[in-house]
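Asks: Just dropping this structure here.
Taken together, the values in this text are just the output of simple stated rules run on the coordinates, not laboratory data. Because the structure is a prediction, the values reported are computed rather than measured. Don't worry about glycine lacking a Cβ; one is built from the backbone with ideal geometry, like all the others, and counts go over all protein chains shown.
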Amino acid sequence: MSIPADLKYTKTHEWIKPEADGTVSVGITDHAQQALGDIVFLELPEPGRSVKAGEECAVVESVKAASDIYAPVAGEVVAKNEEASAAPERVNQDCYATWLFKLKPANPADLDGLLDAAAYAKVEAES
Amino acid sequence: MPQRTPLYDAHLAAGAKIVDFAGWEMPIHYGSQLEEHHQVRRDAGMFDVSHMLAIDLAGCDAQGYLRRLLANDVAKLTQPGKALYSCMLKEDGGVIDDLIVYFFSPTRYRIVVNAGTATKDVAWMQAQAANANVGLTPRRDLAMIAIQGPRAREKFWLAFPDSRAVSEPLGVFQATEWNDWLIARTGYTGEDGFEISVPATQAIGVWQKLLDAGVKPAGLGARDTLRLEAGMNLYGQDMDETQNPLESGLAWTVDFKDTNRDFIGKSALVARQQQGHLRQLLGLVLIDRGILRAHQKVVTPLGEGETTSGSFAPTLNQSIAFARLPAGVQPGDEVQVAIRDKLLRAKVVKPPFARNGKPLI
């Protein structure tokens, strides 16, 4: 399964992409979308909401199950992807291009604690 | 140690994602549950249902035995091959299993039961047969395949042209023996089609011929959304030993007509009816955005209920559920369902939600 080298990851199968404006985009990995199957509904956090690291802040629902998405680091939600909400199957079609929400990290150094592609590949192999 | 059906290798070859289902390693999907669902509604798909168990019954007391064992009345079966859906109840009216019984003669029947309940079903049936002249033969030597969809019969005949003469005249819920096969015009999808039983040794060859005729494999995931849209109960979810059929949307399968007939669970059901205020298993269609799932709380002006099955419904492109609701709630009413931290609006409907390829709501 694909694991782009330029992204950061969590053990709970989120990917994190640092953006030029200091925010991060968050989505779910190829492993996660394949495990979930056909995705039909996204419940995304409202901009302005403050989240703690590891807090449940979105839900991805496939035909068969609902799966919680966790905030990778503490921060404030600054955007949610309305286009993905309107067409959740895009998460299956291109999970790394389909971010779910954007966060402004409370402490940018927290990003250093996330997994790199090699470390995530090990997590994926064990799950 | 999980069990495998004779078609396990065929599932792997077709790219199945395998899951444990009631102790069996079964295909949940072969790539996309949604596509498999649509394939069955629009064309033809096939399901391996060999994990279910066929039990043959023979003996001069077979009819009398079944009239006591089952809540539906097998006496209404008079034409060889005719099938009947029934619950098998405990004395307290709880549902041990739901099943299909096929009639061949008053001394010969076949019952097909669920995989997860097969062991306890056989034990219960044996115990009830103690003083009757009836023999039970579990048929783990058979494989079962359900071919379902508007083009299922046509594609089945393409694969097995010699079977057409005997299977084309079959009406709904009718079966025929053909060589060592049983071909039944039954299913669990709300679509036309057949369910066939064949010797396990033939299973792979039959599956391959159906593939060659353009019948695509469909997994248990699609089977679940198809049956939910079709308004068909799933044992262990919509009813079980703690629920009776009258409060599980299955009153139509309990036959009280012959007042001289006593069946196991009858007195408990009669008592429950006399108490009144029977809860009802009805359908819900979610109005707000989200997905209904089993075991969500339903809030109505007449009290609380609970969803028993729920999913995204691919044919309707919205979310639906079954829910056990207080007496007096009516189709058309608006209720609320607790999903995570929200109360979402849903409309009460009478299932089915879809049949023969078309939404009904």
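Asks: According to the Kirkwood expression over distinct Cα-Cα pairs, how big is the hydrodynamic radius of chain B, in Å?
Replies: About 21.1 Å, per the Kirkwood formula over Cα pairs.
Asks: What spacing in nm lies between the two simple spin-label points modelled at residue A:110 and residue B:76, each 7 Å away from Cα in the Cβ direction?
Replies: 6.3 nm
Asks: Next question, about the same structure. Note down the net charge around residue A:21, summing +1 for each Lys or Arg and -1 for each Asp or Glu among other residues with Cβ under 14 Å from its Cβ. Can you show the working numbers first?
Replies: On the way: positive: A:17, A:102, A:104; negative: A:19, A:76.
Neighbourhood net charge equals +1.
Asks: Counting only other chains, and only Cβ atoms inside 10 Å, what mean value do you get across the residues of A:59-69?
Replies: Details: counts 4, 0, 7, 6, 14, 11, 3, 5, 0, 1, 0.
Other-chain Cβ atoms within 10 Å of each residue's Cβ, averaged: 5.
Asks: A further question follows. Rounded to the nearest 500 deg cm²/dmol, what is the calculated helix-only ellipticity per residue at 222 nm for chain B, with -39500 (n - 2.57) per DSSP H run of length n ≥ 4? Please list the in-between numbers first.
Replies: Numbers: 9 runs with 77 residues, N = 361.
When only DSSP H runs of four or more count, the value is -6000 deg cm²/dmol.
Asks: Need one value for B:21-34: mean number of C-beta atoms belonging to other chains within 10 Å of its residues' C-beta atoms. Could you put the intermediate results ahead of the total?
Replies: Values: counts 0, 0, 0, 0, 0, 0, 0, 2, 4, 0, 2, 5, 5, 8.
Mean number of neighbouring Cβ atoms from other chains: 2.
Asks: Can I ask one more? For segment A:87-126 and segment B:3-61, what is the separation of their C-alpha centers, rounded to whole Å?
Replies: If you average the Cα positions of each part, the centres end up 35 Å apart.
Asks: In debye, nearest 20, what is the charge dipole magnitude of chain B about its Cα centre with +1 on Lys and Arg Cβ and -1 on Asp and Glu Cβ, if you could check? Kindly include the intermediate steps, with their values, before the conclusion.
Replies: Working: 39 positive and 40 negative charges, 124 e Å.
Here the size comes out at about 600 debye.
Asks: Note down the magnitude of the dipole of segment B:279-359 about its Cα centre, charges +1 on Lys and Arg C-beta and -1 on Asp and Glu C-beta and zero elsewhere, to the nearest 20 debye. Numbers along the way, then the final one.
Replies: Values: 12 positive and 6 negative charges, 46 e Å.
Rounded to the nearest 20 debye, it is 220 debye.
Asks: I need B:285, B:337 ordered by Cβ neighbour count within 10 Å, fewest first.
Replies: Details: B:285 18, B:337 27.
Arranged by neighbour count, lowest to highest, B:285, B:337 become B:285, B:337.
Asks: Would you please put B:249-255, B:319-325, B:184-190 in order of how densely packed they are, using the mean number of other Cβ atoms within 10 angstrom per residue and starting with the highest?
Replies: Details: B:249-255: 18.4, B:319-325: 26.0, B:184-190: 23.4.
Output ranking for B:249-255, B:319-325, B:184-190: B:319-325, B:184-190, B:249-255.
Asks: I've got another one for you. How large is the direction-averaged shadow of the alpha-carbon convex hull of segment A:44-101, in nm²? Mind dumping the intermediate values first?
Replies: Working: hull surface 15.6 nm².
If I average the Cα hull's projected area over directions, I get 3.9 nm².
Asks: What does the highest-first list of B:130-139, B:294-303, B:236-245 look like by mean Cβ count within 10 Å?
Replies: Most protected by this proxy first, the peptides run B:236-245, B:294-303, B:130-139.
Asks: Per residue of B:291-297, how many C-beta atoms from partner chains lie within 10 Å of its own C-beta, taken as a mean? Don't skip to the answer; put the middle values down first.
Replies: Working: counts 9, 0, 4, 0, 0, 0, 0.
Whole-number average of other-chain Cβ neighbours for B:291-297 is 2.
Asks: Assuming a strict under-24 Å limit between Cα atoms, what lysine pair count do you get for chain A once near-sequence pairs (fewer than 8 apart, same chain) are dropped?
Replies: Here the count comes out as 23.
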